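> Take this structure first; my questions come after.
The values are calculated or read from the model by the stated rules, or taken from the named source; none is laboratory data. What you are looking at is a predicted structure, and each value in this text was computed from that prediction instead of being measured. As a convention, Cβ positions derive from the backbone with ideal geometry for all residues, glycine included, and neighbour counts pool all protein chains shown.
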Amino acid sequence: MLTIKFRKLCIPPKTNFMSVVTDVEKWGNSHRPGFLDVFRIALGVFLTYKGLEFITNMDELEMTTSGVNVAFAGAALAHYVVFAHILGGPLIAFGLFTRIVSLIQMPILIGAVIFVNYPKGFLSMGNQMELWASVVVLVGLIVFMIFGAGKYSIDEKRRKEAMQSTAH
């Protein structure tokens, strides 16, 4: 009973999920600060760098992910992290499929914050502030899931071309 009232309060009746997503996307596109383009590019470059670092230290990454007690899950997870960072970093930097790529990166960063870096501590010198970097990247991904790629991106160019083709 309480959940039904809460749902009616949060989501108006006759509203489907896609219209809510579209409304959030429109709001994010219209309320986007310009400096986020620079942050998006830096975030993409950083994710690519981390992917390349992970691929050069694959043994350490597999050891970190080996806590998953399913056969080959640690190795599969390590390869997912590398693939997502190396492919997703440039896509975020160029602003192509930014919301989708940010969504793909989210489980990696949530795992990095909660399971890998948090137990080591915020100010631990041993992990060279990796927790702070993971938190900043996670917040950045959340921001780009809401606000999108921005004015200087391939997504924006594609959106403008689609609007021009529907106008004709």
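> Can you tell me which residue in segment 100-133 is surrounded by the fewest Cβ atoms within 10 Å (Cβ to Cβ), limited to those that are at pLDDT below 80 and among the polar types (S, T, N, Q)?
Only one residue fits best here, namely Q128.
> A further question follows. From (1) assigned to a helix (DSSP H, G or I); (2) within 22 Å of L36 (Cα to Cα); (3) in contact (Cβ under 8 Å) with a residue 12 or more places away in the chain, pick out the condition that doesn't hold for I100.
Only one criterion is unmet by I100, namely (3).
> While we're on this one: Considering only residues that are modelled with pLDDT of 70 or more, surrounded by 13 or more Cβ atoms within 10 Å (Cβ to Cβ) and either over 19 Å from the mean Cα position of the chain (by Cα) or within 14 Å of G89 (Cα to Cα) (or both), which ones fall in segment 1-28?
Within segment 1-28, just V20 meets the criteria.
> Does F97 fit the bill of being closer than 29 Å to K151 by Cα and at pLDDT 90 or above?
Taking the combined requirement at face value, the residue satisfies it.
> Collect the residues in segment 79-106 that are aromatic (F, W, Y) and farther than 18 Å from S134 by Cα, keeping them in residue-number order.
Scanning segment 79-106 gives F94, F97.
> If only one of H31, H79, H85 is out of contact with any helix residue (DSSP H, G or I) (no Cβ under 7 Å at 6 or more places or on another chain) and either surrounded by 17 or more Cβ atoms within 10 Å (Cβ to Cβ) or farther than 21 Å from I142 by Cβ (or both), which one is it?
Answer to the check: H79.
> Can I ask one more? In segment 29-66, which residue that is farther than 26 Å from I114 by Cβ and part of a helix (DSSP H, G or I) is modelled with the lowest pLDDT?
It comes out as N29.
> Let me ask something else. What pairs can you find where one residue is in segment 150-164 and among the acidic types (D, E), the other is at pLDDT 90 or above, and their Cβ atoms are less than 8 Å apart, with a gap of 6+ or different chains?
Pairs that qualify, where the first residue is among the acidic types (D, E) and the partner is at pLDDT 90 or above, are D155/G95; D155/L96; D155/F97; D155/T98; E156/G95.
> For segment 61-111, how many residues are among the charged types (D, E, K, R) and under 10 Å from the mean Cα position of the chain (by Cα)?
1
> Tally time: how many residues in segment 134-159 are modelled with pLDDT of 90 or more, more than 18 Å from A84 (Cα to Cα) and surrounded by fewer than 17 Cβ atoms within 10 Å (Cβ to Cβ)?
3
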